[in-house]
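Notes follow once the structure below has been shown.
The values are calculated or read from the model by the stated rules, or taken from the named source; none is laboratory data. Remember, it's a predicted structure, so these values are computed and weren't measured experimentally. Counting neighbours? That spans all protein chains shown, and the Cβs are built from the backbone with ideal geometry, glycine included.
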Amino acid sequence: MGDLKVNRLIILLVWGVLSLLVIALVSVYGYTYYSEHVKFQSYLQQLESQVLDQEKLHTKEETDKAANKVEAAFINTKDFLKDSARLEVKRGIDVINHLHTSYSSTLPQSELKNLIKEAIRPARFFMGRGACYFVL
């Protein structure tokens, strides 16, 4: 009977050691899995932060480029409009001077003014969208 108790004790001891070994292995695996998960989450957050920073920088660069293009187009348009207006004013003055020198001796002043007004009325710049006003 003593042998049976010793065999049972040995079997119980082996099962206990195996159980402790399984518990230790599961604990080590769980700890390793959890620490890797935490590292991975940290890496993902860091990567997301880097991508967002790069996107912000890229967006700012593109916005600055677009703003520069718009400003250049505005300056070019403004210069074009000034030049067009100056040209039309000069043409209008030339028409006025020509009509005045040609008809000042033959027409009364009121008719000459009306003739000049009608002659310079169609003066336009910027492809017909801008108007020049002459005060007589």
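Being more than 30 Å from residue 119 (Cβ to Cβ), over 47 Å from the mean Cα position of the chain (by Cα) and of a type in the set (Ser, Thr, Tyr): is that true of residue 19 here? Criteria met by residue 19. Annotation for the range 1-9: at least one member residue is exposed (fewer than 10 other Cβ atoms within 10 Å of the Cβ), among the hydrophobic types (A, V, I, L, M, F, W, C) and outside any helix (DSSP H, G or I).
Of all the listed residues (40, 80), the sole one being surrounded by 10 or more Cβ atoms within 10 Å (Cβ to Cβ), without any contact (Cβ under 8 Å) to a residue 12 or more places away in the chain and of a type in the set (Phe, Trp, Tyr) is 40. Is it the case that residue 22 is β-branched (Val, Ile, Thr), in a helix (DSSP H, G or I) and touching a residue at least 24 places away in the same chain (Cβ under 8 Å)? Here the answer is no, as residue 22 does not meet what is asked. Within the set 95, 70, the sole residue that is among the β-branched types (Val, Ile, Thr), within 50 Å of the chain's Cα centre (by Cα), modelled with pLDDT under 85 and surrounded by 10 or more Cβ atoms within 10 Å (Cβ to Cβ) turns out to be 95. Here residue 80 passes the criteria (1) modelled with pLDDT of 90 or more; (2) within 40 Å of the chain's Cα centre (by Cα) except the one numbered (1).
Residue 105 meets the conditions (1) within 37 Å of the chain's Cα centre (by Cα); (2) at pLDDT 85 or above; (3) closer than 29 Å to residue 120 by Cβ in every case but one. The failed one is (1).
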